[in-house]
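*Asks:* Submitted below is the structure of interest, expressed as structure tokens.
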Amino acid sequence: MLLKQWEPFAKFRRFDRGMDRVSGQTFRPFYTWPHYWSENGRVAIDVYRDADNLVVRAALPGVKPEDAEVTVADGILSIKGEAKFEKEIKEDEYLHREHGYGSFHRTVALPRGLDAEKAEAAYDNGILTVTIPRHEERKGRLLKINAKSAEENKS
């Protein structure tokens, strides 16, 4: 005789998987609609810091440097601009489109202790890199550890 564990919600799980499958097939055409700069015209960014700087990297594919604007003021970094069509293609000629075109805008609240006056922006291969140095007094300093041997501690 084969014993089978009773699962009170097994039928509900099967029903739920079936509904997921039906809704996925129903709404699949809408998933291929063009996305403009991810959600709400926002640019994907990476923010990290090293010993001396805060670095913000933003992916701006298809954007010329002269079509982007970067400002740092009052603790806010703002990146905005526009990606333009290089060649106008009629909407009905597209089979599939994922690249975003149009205007974009992204703001990032910056931590305290940065020297916004010395911020620099560089653009290379579609990646905008904004480097903001930390104030000298905020960097801290490395302390040298003076170790005493056990014999010196006895005296």
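Just so it is clear, none of the values below were taken in a lab; they were calculated from the coordinates. Computed from a prediction, not measured in an experiment: that's the story for all the values here. Every residue, glycine among them, receives a Cβ derived from its backbone with ideal geometry; neighbour counts consider all protein chains shown.
*Asks:* Report the calculated FRET efficiency for Ala116 and Asp92 (r = Cβ-Cβ distance, R0 = 41 Å), to the nearest 0.05.
*Replies:* Given R0 = 41 Å and the Cβ-Cβ separation, E is 0.30.
*Asks:* Something else about it: Spelling out what I want: for every residue of the range 43-57, take phi, set θ = phi - 60°, compute 6.51 cos²θ - 1.76 cosθ + 1.60 (Karplus), and round to whole Hz; glycine and proline get x.
*Replies:* 9, 6, 10, 10, 10, 8, 9, 10, 5, 10, 9, 9, 10, 10, 10
*Asks:* Taking amide H positions as placed in the peptide plane 1.01 Å from N, state which residues far from Asp115 in sequence (5 or more) or on other chains have amide H under 5 Å from it.
*Replies:* Those qualifying (amide H under 5 Å, at least 5 residues apart or on another chain) are Arg134, His135.
*Asks:* For His105 and Arg21, calculate 0.36 nm times their separation in residues minus their Cα-Cα distance, and state this gained length in nm to one decimal.
*Replies:* 26.6 nm is the gain from fully extending His105 to Arg21.
*Asks:* Between Lys11 and Tyr48, 0.36 nm times their residue separation minus their Cα-Cα distance comes to what?
*Replies:* Net length gain for the segment: 8.6 nm.
*Asks:* While we're on this one: For each of Phe104, Phe9, count neighbouring Cβ atoms within 10 Å of the residue's Cβ, then give the residues from fewest to most.
*Replies:* The order, fewest Cβ neighbours first, is Phe9, Phe104.
*Asks:* Still on this structure, please answer the following. Rank the residues Lys80, Lys148, Lys118 as a footprinting-exposure proxy: fewest other Cβ atoms within 10 Å of their Cβ go first.
*Replies:* The fewest-first ordering by Cβ neighbours comes to Lys148, Lys118, Lys80.
*Asks:* Compute the length gained on full extension between Thr71 and Lys84: take 0.36 nm times their separation in residues and subtract their Cα-Cα distance, giving the result in nm to one decimal.
*Replies:* That pair, Thr71 and Lys84, stretches by 2.6 nm at full extension.
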